[in-house]
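Trainee: The following block contains the structure, expressed as structure tokens.
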Amino acid sequence: MPQTSFYRKPKIMIVAGEPSGDLHASQVAHHLKARCPDITLFGMGGDRMEKASVKLDFHIRDSAVMGFADVITVLPMFLRKQAYLKQRIREERPDALLLVDFAEFNMPLAKFAQRQGVPVVYYIPPKAWAWRASRAQKLAKWANVVAAIFPFEAEFYRNAGANTEFVGHPLVDFAQTSLSPQAAREHLNLCETEGPVIGLMPGSRRSEIHHIFPIMLEAAANIAKVYPDAQWILPLAPGIPRERIAKYQHELKAELPPIKIVKDATYPAMRASTLLLVTSGTATLEAACIGTPMIILFRTASLNWHIVKALTPLERSGLPNLIAGRDIVPELLQTELTPTALTELSLDFLQNPQKREAQRESLQAVYAQLGTTGAAKRTAELILEFSNGSPNLKTDR
């Protein structure tokens, strides 16, 4: 009598906690669906993951925070979400768990899933090379594979004992535009003037906008006195309502130049800009991919800053500088970030095209280190390779 085989639709749980993680996870989800059209995807994420057929148990609207002080305020909510997702892991028994960035939330999920015998793929792992190096050893025990996005990151995790694959940086796939600077300005309906175009990118978290955007606006008011024909553009980050931006513009007493707010046009806005004032984070690497000169900004609550400085041995904050191993982009961090300092540094770059060109050349070298296209596809293949049933499945240690 012939044997009957039964086919069970694969299930993958995906957890991302911030807009950038939602974006990168959605790309992986697209490739998983392309490989296995009947796959079931569920977990935590945002609008992009939902559009990529991921059924969300939680939306990330209230999850994106920055720093220890912010985490404390949302800790009860985080713990409730974590507990629910652990229950989902235990009950649903997914074939694999994909964790994307968001280390403080996702690391405990990795540990729990590994103990439940659920394979773990960690994409965009914790920046243990920057601080809290012990997390690398922990992830080596809890993750079946670490999908690293930087060459030096892959080496760091391998040295910590983790099974690591360098998949390349996902931004290489989509942080690009075919538009020239002039065509980008026309695309965004900017005026034809001789003045510079200055892009403002205050971040995607509420706390970033609170601490950094008012300083940006004061600097803009100062710069506009020197460059009255300058144009100002602000590509709106996902999840940030226009009303929040307008609130700070209304509250500032200085006379502000008009600021054009655009949505779903981040890369054309970057290409159109002569100079970007950008909050430290993924956006700095996006700007490096586009090749636009920038100044990197960072400011947080005083408690957050003192804790970060105590725990982080790094002298640099911006990803382009970390990858280059030297200061190719100027940084204004915490108390250094004042309207006066930002004004003076911006005017220096606007008045010296040779400085902007030198930075562009350095940014091209950074871009070359990010690997080739296909990071999300390679990560999807790792998930399928290490899903339940694979001979590489780890057991509890």
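Trainee: Just to check your reading of the model, which residue among A162, A128, A140 is of a type in the set (A, V, I, L, M) and not in a loop (DSSP other than H, G, I, E, B)? Step through it out loud before you land on a result.
Mentor: Values: A162 fails: not in a loop (DSSP other than H, G, I, E, B); A128 fails: not in a loop (DSSP other than H, G, I, E, B).
Just one listed residue meets the conditions, A140.
Trainee: Same structure, new question: With the structure loaded, tell me whether A140 is at pLDDT 95 or above and among the hydrophobic types (A, V, I, L, M, F, W, C) or whether it fails that test.
Mentor: yes
Trainee: Restricting segment 175-200 to residues that are in contact with a strand residue (DSSP E or B) (Cβ under 7 Å, 6 or more places away or on another chain), part of a loop (DSSP other than H, G, I, E, B) and of a type in the set (A, V, I, L, M, F, W, C), which is nearest to L370 (Cα to Cα)?
Mentor: L188
Yes/no matrix, rows are residues, columns are (1) modelled with pLDDT of 95 or more; (2) crowded, with 17+ Cβ neighbours inside 10 Å; (3) not in a helix (DSSP H, G or I):
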{"site": "S26", "(1), (2), (3)": "yes, yes, no"}
{"site": "L32", "(1), (2), (3)": "yes, yes, no"}
{"site": "M44", "(1), (2), (3)": "yes, yes, yes"}
{"site": "K55", "(1), (2), (3)": "yes, no, yes"}
{"site": "R61", "(1), (2), (3)": "no, no, no"}
{"site": "V65", "(1), (2), (3)": "no, yes, yes"}
{"site": "V74", "(1), (2), (3)": "no, no, no"}
{"site": "A83", "(1), (2), (3)": "yes, no, no"}
{"site": "E91", "(1), (2), (3)": "yes, no, no"}
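Trainee: Across segment 315-372, what is the total count of residues that are more than 24 Å from S302 (Cα to Cα), touching a residue at least 12 places away in the same chain (Cβ under 8 Å), of a type in the set (S, T, N, Q) and outside any helix (DSSP H, G or I)?
Mentor: The qualifying residues number 2.
Trainee: Please indicate, with yes or no, whether at least one residue in segment 373-382 is touching a Gly at 6+ places or on another chain (Cβ under 6 Å), under 30 Å from N144 (Cα atoms) and at pLDDT below 95.
Mentor: No, the conditions are met nowhere in segment 373-382.
Trainee: Which ones in segment 170-192 are closer than 18 Å to L234 by Cβ and not hydrophobic (A, V, I, L, M, F, W, C)?
Mentor: Residues satisfying the conditions are T177, P181, R185, H187, N189.
Trainee: Which pairs turn up if I take residues in segment 264-292 that are part of a helix (DSSP H, G or I) and look for partners that are among the basic types (K, R) with beta carbon separation below 7 Å, at least 6 apart in sequence or on another chain?
Mentor: Sorted first by the residue in segment 264-292, then by its partner, the pairs are A272/R185; I290/R271.
The values are calculated or read from the model by the stated rules, or taken from the named source; none is laboratory data. All figures in this text were calculated on a predicted structure; none of them were measured in a lab. Quick reminder, even Gly has a Cβ in these numbers, built from the backbone with ideal geometry, and neighbours come from all protein chains shown.
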